[in-house]
Amino acid sequence: MTFEERNSDGFFYKGKWRPLNCELPNVDLEFLLKCLSNTMMILVGDSNGRAQYTNIIKMVPCVEKIKMTSVAWHAPLRCENNTFNISIQFYPHKLPFYGSKEESLKNEVLYSEVTILDSIPNVGKYIVYIHNF
């Protein structure tokens, strides 16, 4: 329900979203591995995208190829599962970028969404998530 929309499409109950118009699948490890098998997931964005990346790699068994070494992390991240051919990647967005004053960011660690989209081959299975504040 919003200020403009008076009808609700669901509700939270015991910490879970309960939609009124559809059934949500039980998202367990077996479901995720089947869904993400032979897939590259690319997340581009701000700290919200990085949080999504962190949550996903907690659910999918993968080896972190690029690890986050600080809380204020503004560089690419990558996690892979070779058994199921799953690659999960995070790229911080380029513009507009609002970081801490104390940070000295190198421009080459920030990525334009267009550059990332253009780099995706035209064959294969991809999931792309873009979120800019």
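The values are calculated or read from the model by the stated rules, or taken from the named source; none is laboratory data. Because the structure is predicted, anything quoted here is derived from the model rather than measured. Note: ideal-geometry Cβ built from the backbone for every residue, glycine included; neighbour counts use all protein chains shown.
Going by the structure shown, is Asn21 in a helix (DSSP H, G or I), touching a residue at least 12 places away in the same chain (Cβ under 8 Å) and not aliphatic (A, V, I, L, M)?
no
Can you tell me how many residues within the stretch 24-70 are at positive phi and outside any loop (DSSP other than H, G, I, E, B)?
Initially, the stretch 24-70 is screened for residues at positive phi, giving 38, 45.
Right, trim to outside any loop (DSSP other than H, G, I, E, B) and you get 45.
Final tally of qualifying residues: 1.
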From the list Glu30, Glu64, which one is surrounded by fewer than 10 Cβ atoms within 10 Å (Cβ to Cβ), modelled with pLDDT of 90 or more and not aromatic (Phe, Trp, Tyr)?
-> Glu30
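Report whether or not Arg78 is surrounded by 10 or more Cβ atoms within 10 Å (Cβ to Cβ) and either under 14 Å from the mean Cα position of the chain (by Cα) or at pLDDT 95 or above (or both).
Details: surrounded by 10 or more Cβ atoms within 10 Å (Cβ to Cβ): yes; either under 14 Å from the mean Cα position of the chain (by Cα) or at pLDDT 95 or above (or both): yes.
Answer is yes for this residue.
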Among all residue pairs at least 6 apart or on different chains, which show Cβ distances below 6 Å where the first residue, located in the stretch 112-130, is at pLDDT 90 or above and aromatic (Phe, Trp, Tyr) and the second is assigned to a loop (DSSP other than H, G, I, E, B) and surrounded by 10 or more Cβ atoms within 10 Å (Cβ to Cβ)?
-> Tyr126/Ile120
Subset of the stretch 47-80 [touching a residue at least 60 places away in the same chain (Cβ under 8 Å) and of a type outside the set (Gly, Ala, Ser)] | Asn48, Gln52
